[in-house]
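Worksheet: the structure to be examined is printed underneath.
The values are calculated or read from the model by the stated rules, or taken from the named source; none is laboratory data. This structure is a prediction, so every number in the text was calculated from the model and none was measured. Here the Cβ is made from the backbone with ideal geometry for all residues, glycine too, and neighbour counts use every protein chain on show. For the accessible areas, the whole protein counts, side chains as well, though only heavy atoms, and no ligand, DNA or RNA atoms are used. Shrake-Rupley method; radii C 1.70, N 1.55, O 1.52, S 1.80 Å.
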Amino acid sequence: MSSFDLGEIDAFTTGTVGPPGERVFYLQARDGRAVVTFKCEKQQVAVLGSSLERLLADLPSPTDGPLPTALELVDPIEPAWVVGQMTLAFDPGRDRFVLELWELVPQDEESEGEEGEEPATDRSRARMLLSRGQARAFARHAERVVAAGRPACRFCGGPIDPDGHACPRMN
């Protein structure tokens, strides 16, 4: 089990490795020379970005922000673990977003918990604090990263591969 309580961090970003259609998505937190990377799904990046934008809409505009280079993934891109559940809240006393990432632990049929159960304590967890500027920069960058994949078919919305697309609506 490798848990991280990162506190306030210098940078928080997302990025991918691989060609469209085969991209692997990552979240990365940096504090000084320490780098922690987590593997995740495209939908998790999209939801986190849109959730931050929604929360930011109710707050004053941020006055801080990372440098544009702070939004690129840095090596080594070796994930500590795969993200399962994420929780996000805003702490007005600290003027920071509190982001928690929980490790995805495959459950076999014998150990399945009850629906709505709290995360198991034996799962790894990462907790970090994001400024409003970091949150805004992440949300905008996440939107670009998610959109940079395969183009969507205008008829069915499915992804179009470089070698073509069998659109079910065009039969």
So LEU6, is it under 20 Å from GLU72 (Cβ atoms) and either buried (at least 19 other Cβ atoms within 10 Å of the Cβ) or of a type in the set (A, V, I, L, M) (or both): yes
Answer from ALA126, ALA70 - the residue that is farther than 30 Å from HIS165 by Cβ and either modelled with pLDDT of 90 or more or touching a His at 6+ places or on another chain (Cβ under 9 Å) (or both): ALA126
Members of segment 9-18 that are open to solvent by 40 Å² or more (accessible area, probe 1.4 Å), more than 19 Å from PHE97 (Cα to Cα) and not hydrophobic (A, V, I, L, M, F, W, C): THR16, GLY18
Meets criteria (of a type in the set (D, E, K, R) and at pLDDT 95 or above) for GLU109: no
Qualifying residue in segment 132-139 (condition: in contact (Cβ under 8 Å) with a residue 12 or more places away in the chain and among the charged types (D, E, K, R)): yes
Residue within segment 43-60 that is at pLDDT 95 or above, open to solvent by 50 Å² or more (accessible area, probe 1.4 Å) and in contact with a Leu (Cβ under 9 Å, 6 or more places away or on another chain) present: yes
Top-ranked residue of segment 1-40 - restricted to ones that are part of a loop (DSSP other than H, G, I, E, B) and in contact (Cβ under 8 Å) with a residue 40 or more places away in the chain, ranked as farthest from ARG132 (Cα to Cα): GLY21
